[in-house]
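For reference, the structure is listed below as structure tokens.
The values are calculated or read from the model by the stated rules, or taken from the named source; none is laboratory data. Here the structure is a predicted model, which means the values were calculated and not measured. Reconstructed Cβ throughout: ideal geometry from the backbone, glycine too, with neighbour counts over all protein chains shown. For the accessible areas, the whole protein counts, side chains as well, though only heavy atoms, and no ligand, DNA or RNA atoms are used. Shrake-Rupley method; radii C 1.70, N 1.55, O 1.52, S 1.80 Å.
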Number of protein chains: 2
Amino acid sequence: MAVLGIDIGGTKIAAGVVDADARVLETAVVPTRACEGYATSYAQLKSVIDKLLRDGVTAIGICAPGPLNPKTGVVINPPNLPGWVNIPLAEQISKEFQLPCRVENDANAAGLAEWRFGAARGYSTVFYVTVSTGIGTGIILDGKIHHGKNGQAGEGGHVTIDYRSSSICGCGLPGCIEALASGPAIARRAGMPPEEVGRAAACGDPRAIEMLDETALMLGAWLGSAISLLDPDIIVIGGGVAQIGEPLFSRLRRITPERSINQFAAETPIVPAALGAQVGILGAACTVL
Amino acid sequence: MAVLGIDIGGTKIAAGVVDADARVLETAVVPTRACEGYATSYAQLKSVIDKLLRDGVTAIGICAPGPLNPKTGVVINPPNLPGWVNIPLAEQISKEFQLPCRVENDANAAGLAEWRFGAARGYSTVFYVTVSTGIGTGIILDGKIHHGKNGQAGEGGHVTIDYRSSSICGCGLPGCIEALASGPAIARRAGMPPEEVGRAAACGDPRAIEMLDETALMLGAWLGSAISLLDPDIIVIGGGVAQIGEPLFSRLRRITPERSINQFAAETPIVPAALGAQVGILGAACTVL
């Protein structure tokens, strides 16, 4: 028994045949021709599915950038997929390939995969965070994604930590953590890529150390607030910025509990994501496994 | 069938006999002699229970200010109840009166009561807020309080909306919404009690209008973030500051969706709590009903 897991991103569509033990048996990747609009990128999606479909595949799971409604499988209008406006994607794919299909927000799906196969295995309340071009989050409660009323829950990247900030987020709001501490925000302040900031800080570069301290203070205030509100069993951090590794994680582990009212916050593990580059494929697969 | 619901506060202990239809059949209230320490206030609690206990009472529910652990029934060290340090309250009361007993955080209990009997009846994801001397919150998911790992979830009053703020909260953290928009914070900025701010604003007082706008901006940024993260079906607001009424609620209903990435935020009802002064007794009762 296996399923297809498909990760539709703004730059590539990555798909895989995944079995119940999280083994990725075969993959296919195509660069998304997103700017050519819906018809082109939807045709790309179908051809990737055609390529991987085989006997024994029982369902198709898809993750994509939000906003989308995982309850109905409708893609609403993701900025990274121009022309995908109110597309009933789960229904269309299900009809086309005569298989059950689910569509999930990419950060939610990644969080679910980390809970099922990765760093958050065995934990009850999981706060999953991905820090890369944007900041995404997923709340996993007892192995289920918390979707909320409209399926839009988990947009923690657009929680404000500075409601009067002059830094305006891509979403239009001031002071979202994404506007302040995502990869591009770090690169802009530091004048170098985030991974480079980590290396330079480890070598004692004072400017890089200052940048890292500032980023960790913002992320720590935000994670501390998340602990105050949700009291998670574990916080898992993935995405490109997590590649900074220990220079970032050691700071977050120190600052986050200082920024939470929760007296047990220091005991909340803050760990790197475990699933690496295939988290999207695995996450999409998890929605139907 | 009935239960006792007991609301232990810093100023009074309010208790009632509550039936399954949320009818409060009899009540007892004593001013808490909190400053005399644990032995005195615990004795007060027991005498209130003695007074109300009767045939047909099947359980005792207690709510108290945090921090406490509702999973174990241990009161940890609430600032408003000096001397109550690591008290296994549920166990003690249960032994003493030979009845099942639960202990719950007061804002969580109030949220549960609003879900079961009040403004949030029939809703799946409920974000309950009380704005008074402090700001408390409770997250109710499908009729259950979200407790988190250590039973400390729901401390939304200590989520930061201004991580570099010079306003330091009672909890010691900068920029908590409680430090900025609780009753005392409003009174301090306005030079008048919060209820008075609402009346003065309704009469066109420019200073009061400015205060109300500023408070609504802060609460709106905070609630907008909560919608981004949790996508609740409804937000219920109780506590003394909610008594400002329409001048506050109309502003919150306008500003909150402007401060959320959730495209459906404007459809999330923001409503006053329905249960009034007995919410504590009813909330405590709900934990064992």
Verdict on B:GLY148 being touching a Ser or Thr at 6+ places or on another chain (Cβ under 7 Å), closer than 21 Å to B:LEU252 by Cα and assigned by TED's automatic domain parsing to the domain that holds B:THR268: no
Here are some conditions: (1) over 30 Å from A:CYS169 (Cα atoms); (2) touching a residue at least 24 places away in the same chain (Cβ under 8 Å). A:ASP19 meets all but one. Which one does it not meet? (2)
For region A:121-129, does any single residue satisfy the condition of being more than 30 Å from B:SER124 (Cα to Cα), of a type in the set (Ser, Thr, Tyr) and more than 12 Å from chain B (Cβ to nearest Cβ)? no
Any residue in region A:218-228 that is touching a strand residue (DSSP E or B) at 6+ places or on another chain (Cβ under 6 Å) and more than 18 Å from A:TYR163 (Cα to Cα)? no
Filter region A:52-73 for residues that are closer than 22 Å to A:ILE135 by Cα and in contact with a strand residue (DSSP E or B) (Cβ under 7 Å, 6 or more places away or on another chain); the one that is modelled with the lowest pLDDT is A:GLY66
Can B:THR72 be described as of a type in the set (Ser, Thr, Tyr), open to solvent by 20 Å² or more (accessible area, probe 1.4 Å) and in contact with a Ser or Thr (Cβ under 8 Å, 6 or more places away or on another chain)? no
Residue by residue through region B:158-182, note down the ones that are away from every other protein chain (no Cβ under 11 Å) and open to solvent by 20 Å² or more (accessible area, probe 1.4 Å). B:SER166, B:SER167, B:ILE168
Say we look at region B:178-195 and pick out the residues that are charged (D, E, K, R) and under 22 Å from the mean Cα position of the chain (by Cα); which of these is modelled with the highest pLDDT? B:GLU178
Report whether or not B:GLY66 is over 21 Å from the mean Cα position of the chain (by Cα) and in a loop (DSSP other than H, G, I, E, B). no
Could you look through region B:17-42, keep only residues that are open to solvent by less than 40 Å² (accessible area, probe 1.4 Å) and hydroxyl-bearing (Ser, Thr, Tyr), and pick out the one that is nearest to the chain's Cα centre (by Cα)? B:THR32
Top-ranked residue in region A:75-98 [being open to solvent by 60 Å² or more (accessible area, probe 1.4 Å) and out of contact with any Gly (no Cβ under 7 Å at 6 or more places or on another chain); ranked as modelled with the lowest pLDDT]: A:PRO79
Limited to region A:137-157, what total is found for residues that are open to solvent by 10 Å² or more (accessible area, probe 1.4 Å), of a type in the set (Gly, Ala, Ser) and touching a residue at least 60 places away in the same chain (Cβ under 8 Å)? 0
Looking at B:GLY111, is it under 28 Å from B:GLY157 (Cα atoms) and either in contact (Cβ under 8 Å) with a residue 40 or more places away in the chain or buried (at least 22 other Cβ atoms within 10 Å of the Cβ) (or both)? yes
Taking region A:31-84 as the search range and keeping residues that are without any contact (Cβ under 8 Å) to a residue 12 or more places away in the chain and of a type in the set (A, V, I, L, M, F, W, C), which one is farthest from the other protein chains (Cβ to nearest Cβ)? A:ALA43
Filter region B:161-177 for residues that are of a type outside the set (S, T, N, Q) and more than 22 Å from the chain's Cα centre (by Cα); the one that is nearest to A:ARG259 (Cα to Cα) is B:TYR163
Failed condition for B:ASN150, given (1) within 22 Å of the chain's Cα centre (by Cα); (2) in a helix (DSSP H, G or I); (3) within 14 Å of chain A (Cβ to nearest Cβ), with all others met? (2)
Every residue in region B:123-136 that is in contact with a strand residue (DSSP E or B) (Cβ under 6 Å, 6 or more places away or on another chain), under 17 Å from A:ALA153 (Cα atoms) and open to solvent by 20 Å² or more (accessible area, probe 1.4 Å), please. B:TYR123
